Structure formats: C-alpha cells, structure tokens
1. Looking at Ser391, Ser332, which one is at negative phi, modelled with pLDDT of 85 or more and of a type in the set (S, T, N, Q)?
2. Where in the stretch 403-482 are there helices (runs of 4 or more DSSP H), lying wholly inside it, with at least 1 residues that are in contact with a Lys or Arg (Cβ under 7 Å, 6 or more places away or on another chain)?
3. Which pairs have Cβ atoms under 6 Å, sit 6 or more apart or on different chains, and link a residue in the stretch 124-150 that is closer than 17 Å to Asp192 by Cβ to one that is open to solvent by 20 Å² or more (accessible area, probe 1.4 Å) and of a type in the set (S, T, N, Q)?
4. For the stretch 132-153, indicate whether the set of residues that are assigned to a helix (DSSP H, G or I) and at pLDDT below 90 is non-empty.
5. Go through (1) farther than 25 Å from Thr248 by Cβ; (2) modelled with pLDDT of 90 or more; (3) surrounded by 21 or more Cβ atoms within 10 Å (Cβ to Cβ); (4) among the polar types (S, T, N, Q) and name the single condition Thr116 misses.
6. Residues in the stretch 30-49: is at least one among the aliphatic types (A, V, I, L, M), under 19 Å from Lys131 (Cα atoms) and modelled with pLDDT under 90?
7. Considering only residues of the stretch 68-88 that are open to solvent by 30 Å² or more (accessible area, probe 1.4 Å) and over 24 Å from the mean Cα position of the chain (by Cα), which is modelled with the highest pLDDT?
8. Name, by its number, the condition in (1) at pLDDT 90 or above; (2) small (Gly, Ala, Ser); (3) exposed (fewer than 15 other Cβ atoms within 10 Å of the Cβ) that does not hold for Ser187.
Amino acid sequence: MDEIERKVVSEFCHLLEKSKQLFNGLRDLPQYGHKQWQAYFGRTFDIYTKLWKFQQQHRQILDSKFGLKRWQIGEIASKIGQLYYHYYLRTSETNYLNEAFSFYAAIRGRAYYSRTSKDDRSVQMSDLMVKKLRYYARFIVVCLLLKRMKLVRDLVRELSKQIDEYTATYEPEDQLEWSLVLAEIKSFIDADNTINVLDMDSNTIVLSHRLSGHNTPPVEKVPMMNLSLQEILIVGNCNDQVKFSELTIDMFRMLQTLEREPQEDPAQLYDASPAPTKLPFENGDAGGSAGVGVSGSGGSGSSGGGVSGTGASKGMKRDNPHKYLLYKPTFSQLMVFLASGFKELPANGAMLLYISADGTFPPAPKHSQDPGYDYGGVITNSKRDSDHGASKRNSSLKDMHCFYPGDLYAFTRKPLFLVVDSENSLVFANMPRYFGQPLVVLMSAQDSPPQFQEQHHRGNLFTLFLHSPLMGMCLVSSLCDVPMNLWEKCQALVDRFIAEASKLLTRSRNADPSFLQFFGDDFLRLLTLRFIFCSTVLRAHRAFKGRQFYPRCHPSLPEGEVLDNPGLYSVVLELAATLDVSHLFFDTHDLQ
C-alpha cells in the first residue's frame, strides 16, 4: 500500500472500532429519563454517519487493500437500523421506525448477507450466520410494528429456511433457541390475526389501529379539559400470553393504540434504497446533528450508497407521548420507571400506567386494616425464586413481588390515568385521592364466560376492545372473517357510538370532573370512550350475564346518563343486526 492507501485503511479501522465501542456502550445507558442518554446517542449517530460516508467515498481502496466484504457493509447498515429502532423506543416517535425499516430493507434488497453460506465451516461463518438470523428477527419486529404483514410473512419464511440451513451446517448449541424464536413469531402473528378483514378475493386486508384523523373521537371542548398525556408506562406480565421480542400481544396492541399514524412518503415504501433520513437531533443538540442515509441505485455491482445528513426542524412538536415498554419488570424496575415518568411530567401533563398482568390473591382478611395492601394486586417478576420463600412461609407477610394499589398512592400527587387488565383488577377500584389531583382507573372484568377463556393466551378481551372496539365486538360474536364492505358499515356505527358517547359524557352533570380534565387529550378520550363501548357491548351480550363479566371504572361513570343510555344501547343492537348476530344480545324488551 502507498501512503494514501495506508491512511484510508487506518482511518476506516479507527472509525470501525470507535463505532463498535459506542454501539456496545448503548446497553449501559439508563433506560429511563429523557436527557441522560441523548448526548451519547448523538455521538453514536455521528460516528456512524462518518463511517458510512467514508466507506462510500473510499470503496475501491477498501475493497482491494482492506478486503472489505459485503456482509461488513451490511453489518454497519444493520447497526444503523438498530440505532433508529432504539431511538424510536426511547422517544416513541414512529417516524424513526420508518428509518429503521429503510436500512433493514436495503440490507435485504442488496443481499448484503448473501455470502453467508454453508461453503465455509469456519467459526467466523457460524458467527456470521447468527448475525444474519438476528437481523431477520429485528427486521420482523420493525415490520410488525409498521403493520407490513405481507413482508412479515415473507421474512418468516426466509428466517425458517435460514435456521434450517444454520442448524444443518453447524449443528449449533443454540438451535433449540432459534426454533423457539420461530415458534414465538408464528404464534404472535396468529394471535394478531384473531379477526380477519377480507377483500373481494378473500385476501386479508391489513388495518392500522394507530390514531389518525379518521378515528380521533370528536369532543366539545370546555375550559377544564386542560391536561395532556405526556408519559406512558406499558407493562406486560401475563405468564401464558403469546409474546415476541419482549412484547406481549397486549403490549403490542396498546403501544399502537397510543401512537399516531406515522407520516410516510409513499414513493419510498417499497424502495430498497432508503432516502436521506430524518435526523434524531436538531443542529447543536446533544453533541451535534447526526443522520445516516443510504442512497443510490443499489444495483448488483454496488455495495452501498451515499450518506446524507440534514438538520432537523427546530422546535418540532412531538407527535406521541413518551412511553416505556416494560416486559415482566421486577417491582423495583417498575417503581424506578414510574418515578422517572413522574419526575418528567411537565405542568398540565398526565401520566398513563397500563398494566396487563396476572393477579395475586392473598387470603382475604376478616377485617381490612389497609385496603391498599390487604387484597393483593398484580404480579411483578422475580429474578430469584428464593425471593418468594419468606412470603410463602409466613402467610401474614405481604408478597414482596406483588404490585399493590397502595404502591401507587405516592404517584397520585400528579394527574394519573390507570388501566388495569387483570383478573384482580378490581383491587384498584378504591384508589384514594389524597392530593386532590385528577385520577381515573379503568379496570377489566374479573372473569369471562367459559367459551372465551381459551382466548386469554392470544390477548385479553378488554385490551382488544381498547385497541379496536369493532374487533372486540366481532370476537364476542364469534366472528373470525369479516368482508371489508361489512367492516366499513360496522365501523361507521362504532364511530357514531363514540361520537354520541363523547357528547353524553361532556354534557353530563353527574360525571366526575376527573374524566373531563383528561377528556381534552385525544388518547385519553379515546380510551375512555372505547371503555364505554366495551361496557355497553358486554352488558348487552347474553353470555356476559353478571357483574363479574363487566369492566369497571373509578370514579364510576353515571349509569343512566352514559353506561345504560338507551341511545348507545340501540347503536350496539343496530351493530349486532348488521353483523347478523342479534340473537347473541338482549333486545330492549328483554331488559329488566
């Protein structure tokens, strides 16, 4: 090598090593808070921008003198995709999911990992196959979140083929783990397809259930609607519920419900050459602006593309509330994230805690000394089984791994909206308002009729109603496939119900002020109105006869004005008639 070539190779090696160090350091950053990690992410994006640009500018020298391989370029692109995905997880901004998708799609479109074949039985090739499998798993998660289900099915087939090749070639120790990953993905997709909406050729239509202009419920604004949802904790701890990549199906549904539809450029949807990206940082913020983009034709002779970085618009309004996803957290983890969300709440900000978890039921005391702790709660995860020992040996002690209503009292110092989907949800029904702040608790039913109990592992019914009311209606009507034209008719009726319920609640003289204070926020209004729909449907359904089958809320909504309103009831009956399932519901003449 001459001097110039040596400098190019040396600089590339330096950038490559530095990028690896920064990327590996991401896992040591705190998972909570808004500011502690931003500067580090900024530096990491910055070094990957330089690395990507450098390998593009000096491709010929790196190919001939360094021996740069396509899979190495793919590995860099994969890391950039991971950066954008993790940035989405930390900010809740769905547009960064599109950025992650762009890089993952480019890797597949340009076959960066195509040389990972069984021709070479070396250790390096075995490791490379694992990188390829992990890339597929990550790409599938991003596609699931973006509802690109046709591509998901293609990727699952490709992953299955790659796992077969990997296990046949290397007979690895982790082959069972990869088989389990594949089974998890298939079960997850199956659970997500509980209700299929079909076109005229009986093909499944993929529907998005994020918030958009089409499904934002109307509201008659009043001055007391002064709160906005700023912090969200989504907790999943149902032991037998399907999950993939630390997302239970309930968590997956709820996180989409609490996001706005991402803005997309239709021209880029199926382009294997991603356009310049939107930057995670404004100029001068968090250690400098950084953006990485792949561009260029990406033809068979190309190993990659150019780099583009442009400044993000200053003062950009955040589309979505900030949220944390907690899969089977320990009690201490849950409290740390709650405290962090509480600390970050601005003036007039509200926090939402959504819990989907198995209940814990201690022996009921004859005389309750403390309702916040005497009737159990929901389970949190234990890192060590021995931790349960003391509680099990002494029944008079409280379970240290139970999350009790009393554990939330401190956080009612600020506006709190609580959603609990658990068979022991009712213990949260008497949360006191010691500090006079707005507090609303939506609770699932404690039980479901026998014919619906086998559905629990595919997601809880209450969460399904909050995610897609019409899907909840179809599930309790035992409908699996719905033609698109029928779906649209029924959706219009659901929208009519939601609009009418919004008017009734806003004009009610007996509704607790907490509901109205939260009602100005699009997401919290959506959850409240879908709760009312769920309650009305289940009260009207013949199979759900008994209070244990109805969802509850605290404070209670006015029965006559809202929950048992004849006008809302008639819309549900009209919906049942449209779906041809009127026989499953009480007619108005049947009501006592």
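The values are calculated or read from the model by the stated rules, or taken from the named source; none is laboratory data. Just so we're clear, the structure is a prediction, and the values are computed from it rather than from any experiment. No Cβ is skipped: glycine too gets one built from the backbone with ideal geometry, and neighbour counts run over all protein chains shown. Heads up: the accessible areas ignore ligands, DNA and RNA and are worked out on the full protein's heavy atoms, side chains in. Shrake-Rupley method; radii C 1.70, N 1.55, O 1.52, S 1.80 Å.
1. Checking each option against the conditions leaves just Ser332.
2. Once the helices (runs of 4 or more DSSP H) in the stretch 403-482 are filtered for at least 1 residues that are in contact with a Lys or Arg (Cβ under 7 Å, 6 or more places away or on another chain), what remains is 461-467, 469-476.
3. Val141/Ser245; Lys147/Ser208
4. no
5. Answer for Thr116: the failing condition is (2).
6. no
7. Per the stated criteria, the residue is Glu75.
8. Condition (3) is where Ser187 drops out.
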